[in-house]
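Engineer: Just dropping this structure here.
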Amino acid sequence: MSETIKCNHCHGTFAKEVMIKEDNLYFCCNGCQGVYHLLKEDGLDSFYDKLGNKSIEPPINCDKDTTKFDLASFEKRFVQTLDNGFKKVDLIIEGIHCAACVWLNEKILYDTAGVIEANINFTNNKAKIVWDDSLVKLSHIIEKIRSIGYNAYAYDAKIADEKATKAQRDYFIKMMVAVFATLNIMMLSVAKYTGFFTGIDEQTKHLIHIGEFILTTPVLFFSGWIFFKGAYFGLKNKIVNMDLLVSSGATSSYIYSLYVLFGGKGESYFDSVTMIITFVLVGKYLEVIGKKNAVDTLDKIKSQLPLEAVIIENKQKKVVALDEINVGDIVELRPGEKACVDGELQEDKATFDESSMSGESHYIYKNRGDKIFSGTINIDSLIHYKATTNFANSTLNSIVTLLEDSLSSKPQIEYTANQLSRKFSSTILILSFMTFLAWYFFGFKMGFINESANTFEQAFIVAISVIVIACPCALALATPIASLVGISLLASKGLLFKEAKFIETIAKATKVVVDKTGTLTHGELKVVHANIVDDNIHKLNLLYSLLESSTHPISVSVKNYLLEHYSHLEHKTLLDVKNIQAKGVVARYKNVENKEYTLLGGNEELLKEFNVSYTFNANNSVYLFAINENIVATFELEDEIKNDAKEFVSYIQNSGMQLIMLTGDNEKVAQKIATQLGITQFVCGIDPIQKAQYIKTLKSQGEIVVMAGDGVNDAVALSNSDVSIAMGNGADISISVSDVVLLNNSLKSLKEAFVISKRTYKFIKQNLGISLVYNVITIPLAMMGFVIPLVAALSMSLSSLLVVANSMRIKNEK
Amino acid sequence: MNDVLTMMLIVGLFISFAILGIFIWGAKGGQFDDTKKMMDGLLFDSQEDLNDAINREKKLKESMKPKEEKSKKE
């Protein structure tokens, strides 16, 4: 191999001979070179010190025209005028990879006269920019960002972002207050519990109780407020939820402790109050972060929607906002642009990348009158098409809307999870209430109850002790500890669970639905069969040169195949290289003796057009190469099945679950893959919305559905399933709506997800069993007044220890 | 001995609540919204960067001035 060298700007590594050399500097492209000099001139080269060894993306080549940012329609939609007369816009900056990128962008913006504030968030690449409109225009600000190799899109922060940011901040503060109090209370508790054994005088104990009281009060009423709110809304909808158990347990322990503090003797439970709230709150905070990430991704998708379209009216081009496109308008689409409404093609030929919508791995060739879907990308040439929907009804918009809906309705699952603990909560509350009534009306005199207290006090203390002894350990720990061990085990296998409850759902799953492209297969075409008729190196060099002149995925795959199998391939200069729409590439070559050759590379139709008769029978995509009408090489390409696909399929089918494959591809391809993998059930040729519909139908039949997929085309279906698993290399949107992310894309890990989840669930059930036995013994004792505070404290820790120790076994076995 | 404990408890709680207050002040101002940027803050505290930060605040103040004067005249 030739020597590789780092680009001085982006730090990407490339072969030395393809680099642009300048003195002792090397650049991979003109963009990098330009930005490098710009930064040097502006004295911003400390960027490279900050970048260190990290590499960034080469500058994004984007459309130079920034005038649209000054249009009234843009301003109306995205720009806000602040009270002090400045303007504010929310942007998403594309191309940010490291803290140095953030620094560079902020620096260059602040150095621009008229920019008042430029704050870029590194985590989600969102930027808030405030500027003085009389000094600088937004278009100029965007030009600045583009000049250093980044790009910016506007998004509307008011829809979801502001709310999500505020929620995240609120929960963060609440959680930190709780953590702060818990840590301090633990220190006080150490003193108190040591006092049990070494002796502590009542006065000192009282002092510690006062300290604990001061620390606990803000935790219960500030941090714990959300549980009161949750319990209230639960009750309003006649549902007894975990929030009610947490808040009633915490409040009753708090009241009991207050009673101990102001008068009664005994042990306070302030420490358990803060601990219950802190632990549950940390879990809730993680959930809020997850939701915020989903909002960020959705904003990113929406910001890349086209803002306006070009339509042809009376043979004149006219730029209109998306909402103004009417059915029947002729829309113009340049190469690389996304279609914004559905329509019918008006050209003879066009090529579309539909992978984002249908999951179809091949580029789609369209003929006049074929349907064009919004969200798909025009590949080759400038085309016109007739709109058949307006924007509101287009496929693209309906997917975005569906996703928005599913994000807001996701927490519904919470109501169906944790069935057992909900029943437990109501049972404990009823038992405690009945205990109170029994003690109060019958005036029992038994157990270790303080004889000097009156009947009401006695009844109250006994009732509270029932809740206290039942609440914190019994269930609050049984599930989370086992889940935590399970989740960390899963994470070490490359499986990221966004919430613990999905372990349970996966363990109970009855149907597993998988997408074909990108999930069972690699999602990219690979040469599966090559027939090189004549492996003369000169001819192969010509083939290599012809392949290099095209960026079509088929050409790229064949080129990679050649590079893998042959060394010393050289690039030859070809003449008259012509891309023939939907067919292939044609070129001429003159050798040293001035002899001329015609080179053809493409599918059968291309050969037919040039009167080369050749028939090729294959179900796959083909690439044929001919020199002067003689076939030199043929290649068959196929989307390759992942290594562990077969093992995964047989595991699922043997463990009592049903596997169903969904795909947008045609039946022939689907049938082939199904036979290879032994899949008995598959549905083919369906679009994203039908996929989602299919999942919904399964769910309505009472099935628990786990779905695994990768593309934007799966996003809606993923968000509709009970648990969704996304491939780590999949589209951002499908990752954000998913509950589980498979970081290494391997189906072996996907199998592990099921194995470990089932195992963890088994241990959760065991833990619940342990805590139930504990409760069956202790609750009756508490109801009869036999639980003195010391016993309560000890038995609580003992039962927690049992549950924790049992959960650790998840890791050990096998 | 309990007097000493009482004093320690009062002073200790007072200081820690003060720190908690400062922390909440920072959190409300959005200082912890961006966890990734926060963690890398260490890389950006050279003299030059700190000067930049001051200049930015000055710029913000100065740009507010003419507007205020304008509104006073009106």
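The values are calculated or read from the model by the stated rules, or taken from the named source; none is laboratory data. Owing to the predicted nature of the structure, the values given are computational and were not obtained by experimental measurement. We place every Cβ from the backbone using ideal geometry, glycine too, and count neighbours over all the protein chains shown.
Engineer: Working only within the stretch A:307-320, note down all residues that are crowded, with 16+ Cβ neighbours inside 10 Å and in contact with a strand residue (DSSP E or B) (Cβ under 6 Å, 6 or more places away or on another chain).
Structural biologist: Restricting attention to the stretch A:307-320, the residues satisfying the condition of being crowded, with 16+ Cβ neighbours inside 10 Å are A:307-311, A:320.
Once the filter is applied, which keeps residues that are crowded, with 16+ Cβ neighbours inside 10 Å and in contact with a strand residue (DSSP E or B) (Cβ under 6 Å, 6 or more places away or on another chain), the stretch A:307-320 yields A:308, A:309, A:310, A:311, A:320.
Engineer: For the condition more than 23 Å from residue A:629 (Cβ to Cβ), within 42 Å of the chain's Cα centre (by Cα), surrounded by fewer than 13 Cβ atoms within 10 Å (Cβ to Cβ) and not acidic (Asp, Glu), what is the one hit in A:557, A:567?
Structural biologist: Working: A:557 fails: surrounded by fewer than 13 Cβ atoms within 10 Å (Cβ to Cβ).
None of the other options fit; the residue is A:567.
Engineer: Which of the residues spanning the stretch A:585-595 are out of contact with any His (no Cβ under 9 Å at 6 or more places or on another chain) and surrounded by 11 or more Cβ atoms within 10 Å (Cβ to Cβ)?
Structural biologist: A:586, A:587, A:588, A:589, A:590
Engineer: Just the residues that are under 20 Å from residue A:223 (Cβ atoms), aromatic (Phe, Trp, Tyr) and in a helix (DSSP H, G or I), please, taken from the stretch B:15-69.
Structural biologist: Across the stretch B:15-69, the qualifying residues are B:17, B:23, B:25.
Engineer: Of all the residues that make up the stretch A:281-292, how many are modelled with pLDDT of 70 or more and out of contact with any Asp or Glu (no Cβ under 9 Å at 6 or more places or on another chain)? Before the answer, list the steps.
Structural biologist: Of all residues in the stretch A:281-292, those modelled with pLDDT of 70 or more come to A:281-282, A:284-285, A:288-289, A:292.
This time we only want the ones that are out of contact with any Asp or Glu (no Cβ under 9 Å at 6 or more places or on another chain), so: A:281-282, A:284-285, A:289.
Count: 5.
Engineer: Among the residues of the stretch A:257-280, write down those that are modelled with pLDDT of 80 or more and either buried (at least 23 other Cβ atoms within 10 Å of the Cβ) or assigned to a helix (DSSP H, G or I) (or both).
Structural biologist: Pass one, the stretch A:257-280, residues modelled with pLDDT of 80 or more: A:257-262, A:270-271, A:273-274, A:277-278.
Result: A:257, A:258, A:259, A:260, A:261, A:270, A:271, A:273, A:274, A:277, A:278.
Engineer: Filter the stretch B:2-49 down to the residues that are among the aliphatic types (A, V, I, L, M) and facing chain A (nearest Cβ under 8 Å), then identify the one that is nearest to residue A:292 (Cα to Cα).
Structural biologist: B:27
This table checks each residue for (1) among the hydroxyl-bearing types (Ser, Thr, Tyr); (2) free of Cβ contacts under 8 Å to residues at least 60 places away in the same chain; (3) in a helix (DSSP H, G or I).
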residue	(1), (2), (3)
A:675	yes, yes, yes
A:686	no, yes, no
A:693	no, yes, yes
A:696	no, yes, yes
A:703	no, no, no
A:716	no, no, yes
A:725	no, yes, no
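Engineer: Evaluate the following for residue A:183: is it in contact (Cβ under 8 Å) with a residue 24 or more places away in the chain and within 11 Å of chain B (Cβ to nearest Cβ)? Lay out the reasoning, then the answer.
Structural biologist: On the way: in contact (Cβ under 8 Å) with a residue 24 or more places away in the chain: no; within 11 Å of chain B (Cβ to nearest Cβ): yes.
Considered against the rule, which asks whether it is in contact (Cβ under 8 Å) with a residue 24 or more places away in the chain and within 11 Å of chain B (Cβ to nearest Cβ), residue A:183 comes out as no.
Engineer: Grab the strands (runs of 3 or more DSSP E) fully contained in the stretch A:73-148, keeping just those with 3 or more residues being away from chain B (no Cβ under 12 Å) and surrounded by 19 or more Cβ atoms within 10 Å (Cβ to Cβ).
Structural biologist: Working: elements: A:87-94, A:115-120, A:126-131.
Counting at least 3 such residues, we get A:87-94.
Engineer: For the stretch A:213-227, enumerate the residues that are surrounded by 20 or more Cβ atoms within 10 Å (Cβ to Cβ), of a type outside the set (Phe, Trp, Tyr) and either over 30 Å from residue A:168 (Cβ atoms) or more than 10 Å from every other protein chain (Cβ to nearest Cβ) (or both). Walk me through how you get there before you give the answer.
Structural biologist: Within the stretch A:213-227, the first condition is being surrounded by 20 or more Cβ atoms within 10 Å (Cβ to Cβ), and the residues that meet it are A:215-216, A:219-220, A:223-224, A:227.
Next cut, of a type outside the set (Phe, Trp, Tyr) only: A:215-216, A:219-220, A:223-224.
Answer for the stretch A:213-227, where residues must be surrounded by 20 or more Cβ atoms within 10 Å (Cβ to Cβ), of a type outside the set (Phe, Trp, Tyr) and either over 30 Å from residue A:168 (Cβ atoms) or more than 10 Å from every other protein chain (Cβ to nearest Cβ) (or both): A:216, A:219, A:220, A:223, A:224.
Engineer: When you check residue A:545 against the structure, is it at pLDDT below 75, small (Gly, Ala, Ser) and over 30 Å from residue A:684 (Cα atoms), yes or no?
Structural biologist: The answer is no for residue A:545.
Engineer: Still on this structure: When you check residue A:200 against the structure, is it in contact with a helix residue (DSSP H, G or I) (Cβ under 9 Å, 6 or more places away or on another chain), within 18 Å of residue B:16 (Cα to Cα) and within 12 Å of chain B (Cβ to nearest Cβ), yes or no? Working first, answer last.
Structural biologist: Details: in contact with a helix residue (DSSP H, G or I) (Cβ under 9 Å, 6 or more places away or on another chain): yes; within 18 Å of residue B:16 (Cα to Cα): no; within 12 Å of chain B (Cβ to nearest Cβ): yes.
So residue A:200 fails the test.
Engineer: Of all the residues that make up the stretch A:321-344, how many are in a helix (DSSP H, G or I), touching a residue at least 60 places away in the same chain (Cβ under 8 Å) and surrounded by fewer than 16 Cβ atoms within 10 Å (Cβ to Cβ)?
Structural biologist: Narrowing the stretch A:321-344 to residues in a helix (DSSP H, G or I): A:322-324.
Going one step further and asking which of them are touching a residue at least 60 places away in the same chain (Cβ under 8 Å), we end up with A:322-323.
Narrowing further to those that are surrounded by fewer than 16 Cβ atoms within 10 Å (Cβ to Cβ): A:323.
Going through the stretch A:321-344 one residue at a time, the tally reaches 1.
Engineer: So, of the residues in the stretch A:149-167 that are assigned to a loop (DSSP other than H, G, I, E, B) and surrounded by fewer than 17 Cβ atoms within 10 Å (Cβ to Cβ), which turns out to be modelled with the lowest pLDDT?
Structural biologist: First, the residues of the stretch A:149-167 that are assigned to a loop (DSSP other than H, G, I, E, B): A:149-150, A:155-160.
In the following step, the residues that additionally are surrounded by fewer than 17 Cβ atoms within 10 Å (Cβ to Cβ) were identified as A:156, A:158-159.
Working: A:156: 79, A:158: 74, A:159: 71.
Checked the stretch A:149-167; the qualifying residue modelled with the lowest pLDDT is A:159.
Engineer: Go through the residues of the stretch A:632-651 one by one and say whether even a single one is of a type in the set (Ser, Thr, Tyr), surrounded by 13 or more Cβ atoms within 10 Å (Cβ to Cβ) and in a helix (DSSP H, G or I).
Structural biologist: Restricting attention to the stretch A:632-651, the residues satisfying the condition of being of a type in the set (Ser, Thr, Tyr) are A:634, A:650-651.
Remaining after also requiring surrounded by 13 or more Cβ atoms within 10 Å (Cβ to Cβ): A:634, A:650-651.
When the remaining residues are screened for being in a helix (DSSP H, G or I), the result is A:650-651.
Yes, there is a match, as at least one residue in the stretch A:632-651 is of a type in the set (Ser, Thr, Tyr), surrounded by 13 or more Cβ atoms within 10 Å (Cβ to Cβ) and in a helix (DSSP H, G or I).
Engineer: Here's something else I'd like to know. Evaluate the following for residue A:91: is it at pLDDT 85 or above and not small (Gly, Ala, Ser)?
Structural biologist: Details: at pLDDT 85 or above: yes; not small (Gly, Ala, Ser): yes.
Considered against the rule, which asks whether it is at pLDDT 85 or above and not small (Gly, Ala, Ser), residue A:91 comes out as yes.
Engineer: Considering only residues of the stretch A:417-447 that are modelled with pLDDT under 70 and surrounded by 12 or more Cβ atoms within 10 Å (Cβ to Cβ), which is farthest from residue A:768 (Cα to Cα)?
Structural biologist: My answer is A:447.
Engineer: On to the next question. Somewhere in the stretch A:723-746, is a residue at pLDDT below 80, β-branched (Val, Ile, Thr) and touching a Leu at 6+ places or on another chain (Cβ under 6 Å)?
Structural biologist: Within the stretch A:723-746, one or more residues are at pLDDT below 80, β-branched (Val, Ile, Thr) and touching a Leu at 6+ places or on another chain (Cβ under 6 Å).
Engineer: Failed condition for residue A:56, given (1) under 32 Å from the mean Cα position of the chain (by Cα); (2) farther than 16 Å from residue A:105 by Cβ, with all others met?
Structural biologist: Status for residue A:56: all satisfied but (2).
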